[in-house]
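What follows is a single structure, written as structure tokens, with notes after it.
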Amino acid sequence: MSSGQETPLVGKPLPSQLSPTCPGHGLAGVSESGSPQAQSRHLTAQMQSSLQPLCLSLETLHRVKGRMLEAMERGLSRRTHSQATVRMLPAFIRSTPDGTERGKFLVLELGDTHLRVLLMELSGDTDQRVTMEDQHFPVPDAITQGPGEKLFAFLATCLWEFLDELHMPQTDLELGFSFPFACRQTRLDQSYLISWSKGFRCPGVEGRDVVALLQEAIDKQDRYRIKVIAVVNDTTGTMMSCDASAGPCEVGLVVDAGTNSCFMAEARHVEVVEESEGRMGVVTEWGSFGDNGALNDVLSPYDHQLDQASLNPGKQRYEKMIGGLYLGEIVRHILTELFSGRTAPARLTEGSFQTQDILEISDEQVGLATARRVLRALGLEASDQDCFNTQQVCSAVCIRAAGLCAAGLAAILSHMCRSRELSRLKTSVAVDGAVVRAHAKFRQTLQQLVKQLAPECDVTLVQAEGSSKGIGMVTAVASRLAAQRRRVDRTLALLQLSHDALGTVQALLRQEMELGLKKETHASSSVRMLPTYICATPDGSERGDFLALDLGGTNFRVLLVKVGSRERGGVQIVSEIYSIPPHVAQGPGSQLFDHIVECIADFQTKQGMMGQTLPLGFTFSFPCQQTSLDQGILLSWTKGFNASGCVGQDVVKLLREAVKRKNHFALDVVAIVNDTVGTMMSCGYDDPSCEVGLIVGTGTNACYMEELRNVGALAGEEGRMCINMEWGAFGDNGCLDAFFTPFDRQVDEASLNPGRQRFEKLISGMYLGEIVRRILLELTAKGCLFRGRPSPKLQTPDIFQTKFLSSIESDGLALRQVCAILEELGLHVSCEDSVLVREVCQVVARRAAQLCGAAVAAVVEKIRENRGLEQLAVTVGVDGTLYKLHPHFAQQVQATVQQLAPRCSVTFLQSEDGSGKGAALIAAVACRVARHQRA
Ligand code: 0WK
Ligand code: BGC
């Protein structure tokens, strides 16, 4: 530009200086809609060079956004948090209002010059009516500069005066405290002041918990029972003041004397707090962004002048370019330069330009007139050009502030979008503060630039309804969450088992085992301790081809098992899975066994074994009274089976009859075994010290090698026999009643076999999902979940499958996926809901695992004592989908066994081939024994 040469600039941007925050470029400069006088004015070369340092290009703002993102990451990371300039302070806000908050709440909002005391009442009904009464109290300098104790006494006195005015009856009231200073918060109701700012200097407060100080001051009287339950930063109050019905509002932005922001972060990213589930409000304290030099290439000479002269040089660099407290000073420094030589600098003294003036001057309608008034008040006879220049300076300063603010806000939004793994983020941003409220162009620039700087986000700026309402909402949400937490704790406490309680279960099972083993007391025991006629585990000499059936778990399997020498690969298995439809499992017994025979025939056809009759081992996973290896009287059906005409029958006979009904078909059933026994044998083949079989799948049960002398039903003192405990029925005689919760009773009453398999119904996969569903319904009815609205699907029995527990509890599953599972059930799910549902799943599964562990501890302790050993080393062969697929179940079972049976070192060996292999090995042993007997 030729200096002194005045060329008209309106509408035509300067090529080299294209920048969204530069006068003359669309956003900031002279706009067509300006006043007629402004239309005729233009920027002198001198003005352009003075304003040049304030011109930030879109690229520069993208760079500022990038640096803000890095600074935020450093603030969130446990490793770099303490040195971070953007401190990312957890606010312990875990949720935003959901429209069910109700009650009366007090708010104390400490401002720069005023204290506002407010009583807010929420109706909590669908209209969510909010009524507020308030009173303002000026805060004298003697208080802002005086001892801390005096400040808190002043706050308490204002509170009492306010309540006295309202003739408030003596009730319990909860209070939210807005304390707009940098604090290290450790709980929603505990926060330590880091440093004063904005003119406050009360000694004796920094480093102390401001909630405790306020509570102490408040408790100095007994007229009112007031509990401070939340301390809130003004940005959080702003965020929470959004109307819940307007959709999610998870960001708060304040540009007032100072500037700050907050947002709802993913808790797992806020490394300085323990919580890893759900969301956590974070106050960025971004005012100190750039204090490490990150903004040096953006700071103008005027910013350096201002900083040098400030109370805290080198500090709050970002705030000093945006906050209302500083805009006036930046303008003054520029005008001092522009008017140098034309007026005594003494006139343009510090503080001579108020924020309000700056905001008004940069207003296109009234700006020039305000500029003339302000300059005249400073004793400057200003020409129209002077007023225009002053207006341009004020605009440039404000628009740059908006640009920088937009870069910061865009960083927050992009972080939220990325950390939630979303392709698009949709949220409202609540904005407040004198600068945002009074400067329409500031909001407009902010909105437009955020769109450009964070294009992956749909953002609506919402003018906050005053952070007081927001602080009231924080208090109301805190009160709702605390009340909910109490209700949840009461409900889930029923399912929390102490070490002693588990010890009691262990002892009760041991007692039932002893009763079950003794002939005299067998009938009174709920644990049948059924002899299996298996006296030894495989010794590796077994050989041959065997058929095996595996009925009673999730799948029905037919297997061909080739048992060879270990050198020749040991055991080879070919198997096929067949389904047992519910109508077959619960239809006539003959139909069930015909179905089984059909499957075998199909398998043999596929394997080209038609006409071959191989010895068959039948894993039949239901309680059977055996009198020999190949004979088993069904005592009762369990799990989802209820075929008629079977109970009291020898199931081997039922199978043989079905074979007879099918022409040209033969089977050689040599053994019937329980799946626990098959599992023990299958694992015993690889680990001879495997003397316990455990199933935790659809059902649950265990077997173990008992001393024959202890088996009252059988003769003989020497040797051991495998006992099928049928522990699923433990407690059917009422010995476990103390451990049944109302949810367990409901599940039992609604089951196929009420009053039976009570222990199984606390532990196994067939029932855990249903227990969870009933707890979710209870918590929904208590208003702790889904806003108190269950979906029709959630009211459908058995709709919450146990496999959901395993997926919901798997560590890697983001809460969003938990939400997806719940949305599948037609539920409207909040982030909190998914956290609570995960907690319910954890509690139910943990109880099941601990109870299972207590039972295993009873068994291994029995074996240790049987053998009079100080220490026992034993292996438990285990199978079942719940044990194998649930992310934490196995580990929790093992931990419980260690605690309750410390003198047993127990190895848990997961069965690879299932109990079908075990049944084939038992058939092989039976054949070997039969061969020897024939020899
Ligand atoms: C696989 C075994 C089978 C047993 C089942 C139990 O081969 O005998 O019944 O595990 O687990 P579920 O399938 O019930 O989860
Ligand atoms: C049956 C047992 C079986 C267990 C595991 C229970 O319901 O009564 O016989 O071992 O389920 O499948």
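The values are calculated or read from the model by the stated rules, or taken from the named source; none is laboratory data. None of the values given here were measured: they were computed from a predicted structure. Using ideal geometry, Cβ is built from the backbone for each residue, glycine included, and neighbour counts are taken over all protein chains shown. Ligands, DNA and RNA are excluded from the accessible area calculation, which covers all protein heavy atoms including side chains. Shrake-Rupley method; radii C 1.70, N 1.55, O 1.52, S 1.80 Å.
Accessible surface of the stretch 645-726, 1.4 Å probe: 51 percent of it comes from carbon and sulfur atoms. As a rough guide to protection, the peptides 714-724, 565-575 ranked by mean Cβ packing within 10 Å, highest first, stand as 714-724, 565-575.
The spacing between the stretch 47-105 and the stretch 302-331, judged by their C-alpha centroids, is 18 Å.
Mind running the shape call on the stretch 573-634? Use the C-alpha gyration tensor, a ≥ b ≥ c as the square roots of the eigenvalues: rounded below 1.5 for a/c, prolate if a/b tops b/c, oblate otherwise.
Because a/c hits 1.5 or more and a/b fails to exceed b/c, the stretch 573-634 counts as oblate.
In straight-distance terms, cross-link reach from residue 782 covers every one of the aspartates and glutamates whose alpha-carbon lies under 16 Å from its own, apart from those fewer than eight places away in the same chain; here that gives 98, 101, 125, 489, 832, 833.
Sorting 404, 777 by accessible area (1.4 Å probe), largest first, what list results?
Ranking 404, 777 by accessible area, largest first, yields 777, 404.
Sorting 676-687, 545-556 by their mean Cβ neighbour count within 10 Å, with the most densely packed peptide first, gives 676-687, 545-556.
Note on residue 543: accessible area approximately 100 square angstrom, rounded to 10, probe 1.4 Å, nucleic acids and ligands left out. If you take the beta carbon distance between residue 583 and residue 715 as r and set R0 to 51 Å, what does 1/(1 + (r/R0)^6) give as a FRET efficiency, to the nearest 0.05? About 0.70, to the nearest 0.05. Most simply put, the chain has about 60% antiparallel DSSP beta bridges, counting only bridges with both residues inside it.
The residues of the chain expose, per residue, 39 Å² of accessible area to a 1.4 Å probe. Computed extension gain for residue 452 through residue 113, at 0.36 nm per residue and net of the alpha carbon distance, reaches 118.4 nm. With a Förster radius of 25 Å applied to the beta-carbon distance between residue 77 and residue 196, the computed FRET efficiency rounds to 0.40. Just round it to a whole percent: the fraction of Cα-Cα distances in the chain exceeding 52 Å. It works out to 40 percent of all Cα pairs.
Roughly to the nearest percent, how much of the accessible area of the stretch 363-489 is carbon and sulfur, given a 1.4 Å probe? It would help to have the intermediate numbers written out before the result.
On the way: 2160 of 4090 Å².
Answer for the stretch 363-489: carbon and sulfur cover 53 percent of the accessible area.
Can you compute the charge dipole magnitude of the chain about its Cα centre, using +1 on each Lys and Arg Cβ and -1 on each Asp and Glu Cβ, nothing else charged? Give it in debye, rounded to the nearest 20.
Details: 92 positive and 106 negative charges, 228 e Å.
So the dipole magnitude of the chain works out to roughly 1100 debye.
Beyond 32 Å in Cα-Cα separation lie the following of the pairs 562/660; 150/441; 227/803; 518/660; 227/426: 150/441; 227/803; 518/660; 227/426.
Please report the carbon-and-sulfur percent of the accessible area for the stretch 551-631; probe 1.4 Å, protein heavy atoms only, DNA, RNA and ligands left out. The C+S portion of the solvent-accessible surface of the stretch 551-631 is 51 percent.
Is the shape of the stretch 583-688 rounded, prolate or oblate, going by the alpha carbon gyration tensor and its root eigenvalues a ≥ b ≥ c, with a/c under 1.5 for rounded and a/b larger than b/c for prolate?
Details: a/c = 1.69, a/b = 1.05, b/c = 1.61.
Oblate, because a/c is 1.5 or more while a/b does not exceed b/c.
Shape of the stretch 528-664 from the C-alpha gyration tensor: oblate (a/c of 1.5 or more and a/b not above b/c, with a ≥ b ≥ c the square roots of its eigenvalues).
A simple spin-label model places the labels of residue 444 and residue 928 9.3 nm from each other, with each point 7 Å out along Cα-to-Cβ. Along the axis of the charge dipole computed for the chain (Cβ charges of +1 for Lys and Arg, -1 for Asp and Glu, origin at the Cα centre), the listed residues 151, 502, 762 are led at the positive end by 762.
Backbone amide hydrogens, once placed in the peptide plane, bring residue 77 within less than 5 Å of nothing, excluding anything fewer than 5 places away on its chain. Considering helices alone, the calculated mean residue ellipticity of the chain at 222 nm is -13000 deg cm²/dmol, with DSSP H runs of length four and up weighted by -39500 (n - 2.57) and normalised per residue.
When DSSP beta bridges are restricted to pairs lying wholly in the stretch 118-242, around 60% turn out antiparallel. Between helix 889-900 and the chain there is an angle of about 70 degrees, using the helix long axis and the longest principal axis of the Cα atoms. Taking the longest Cα principal axis of the chain as reference, the axis of helix 499-517 is set at about 10 degrees. With r as the distance between the Cβ atoms of residue 912 and residue 782 and R0 = 41 Å, compute the FRET efficiency 1/(1 + (r/R0)^6) and round to 0.05. Calculated transfer efficiency: 0.35.
Spacing of the modelled spin labels on residue 145 and residue 898, each 7 Å from Cα toward Cβ, amounts to 6.3 nm.
Once the piece of chain linking residue 312 and residue 514 is laid out straight, how much longer is it, given 0.36 nm per residue of separation minus the C-alpha distance between them? The partial results should precede the final answer.
Working: separation 202, 0.36 × 202 = 72.72 nm, distance 7.87 nm.
Extending this stretch completely gives an extra 64.9 nm.
For the chain, the longest principal axis of the C-alpha atoms and the axis of helix 589-606 are separated by about 80°. The gain in end-to-end length when the residue 521 to residue 222 segment is fully stretched comes to 101.1 nm, 0.36 nm per residue minus the alpha carbon separation.
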